[in-house]
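Undergrad: Below you will find the structure I want to go over with you.
The values are calculated or read from the model by the stated rules, or taken from the named source; none is laboratory data. Only a predicted model underlies this, so the values are computations on that prediction, with no experimental measurement involved. So basically every Cβ, Gly included, is an ideal-geometry build from the backbone, and we count neighbours across all protein chains shown.
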Amino acid sequence: MKKYVKRRGWIVAVEVKDICSGSKERPKREEIIKLARQRKIDHIVVWKLDRWSRSLLDLVSSLKELSDLGVGFVSLTEALDLTTPTGRAMTGLLSVFAEFERDILRERVKAGIVHAQKMGIKCGRPQSAALKMDLIEKMKSAGKNNSEIARKLKIGRTSVRRLLASTKGKSGKKLVKKFESKAVTQSS
């Protein structure tokens, strides 16, 4: 890598030896991207693409950002040089494959959800607020407003409003505060 940099007439500003396997957090890479954003480096040279990125989606997005910043990127093993027109064309092809990978992944997730539902597995967030529906209705009929109910039950005010609206649709009538009138007679 040093020989390549020397042949190109570039000067090594930062040298990073990052030995991470499969880690999503890559502090050294983030440090290099930060230097690129600050316009302190003009080119990035890596031995192999998998040393720079662990996924095609991440690779494409980071290369796009570097390109937008005007920072060249070279991967020696794959002979990918984004400082040339051919290298930039290769980036376009990589982005097509990244989009394809994203679409395939989306389809697999949807198919997995459908399969799980057929097996009787509930998908999505648990209905924690819905479990308190009886309490919500009691408190509402006792004259409490939505904010008071939400605070007391430690749930969101929007959840209270949504749940009350859903019961309104089921029963066909609006929940109304109940006022009891008692006849008071005075005995003499």
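Undergrad: Any chance you could count how many residues in region 61-120 are in a helix (DSSP H, G or I), among the polar types (S, T, N, Q) and touching a Phe, Trp or Tyr at 6+ places or on another chain (Cβ under 8 Å)?
TA: 2
Undergrad: Next question. Kindly indicate whether any position in region 25-48 is of a type in the set (S, T, N, Q) and modelled with pLDDT of 90 or more.
TA: Within region 25-48, one or more residues are of a type in the set (S, T, N, Q) and modelled with pLDDT of 90 or more.
Undergrad: Also: With respect to Ile136, determine if the residue is surrounded by 14 or more Cβ atoms within 10 Å (Cβ to Cβ) and modelled with pLDDT of 90 or more.
TA: Yes, satisfied.
Undergrad: What residue, of Leu63, Leu57, is in the same structural domain as Glu15 (by TED's automatic domain parsing), modelled with pLDDT under 85 and either surrounded by 18 or more Cβ atoms within 10 Å (Cβ to Cβ) or farther than 17 Å from Glu15 by Cα (or both)?
TA: After ruling out the rest, the residue left standing is Leu57.
Undergrad: Another one. Could you count how many residues in region 48-58 are part of a helix (DSSP H, G or I) and under 15 Å from Asp81 (Cβ atoms)?
TA: Going through region 48-58 one residue at a time, the tally reaches 2.
Undergrad: I'm trying to understand the selection: among the residues of region 148-163, which are of a type outside the set (A, V, I, L, M), under 12 Å from Ser128 (Cβ atoms) and in a helix (DSSP H, G or I)?
TA: Correct list: Ser159 only.
Undergrad: Something else now. If the Cβ limit is 6 Å and pairs must be 6+ apart or interchain, which residue in region 95-114 that is of a type in the set (A, V, I, L, M) pairs with which residue that is surrounded by 11 or more Cβ atoms within 10 Å (Cβ to Cβ) and part of a helix (DSSP H, G or I)?
TA: So the pair list comes out as Ala98/Leu56; Ala98/Leu57; Ala98/Val60.
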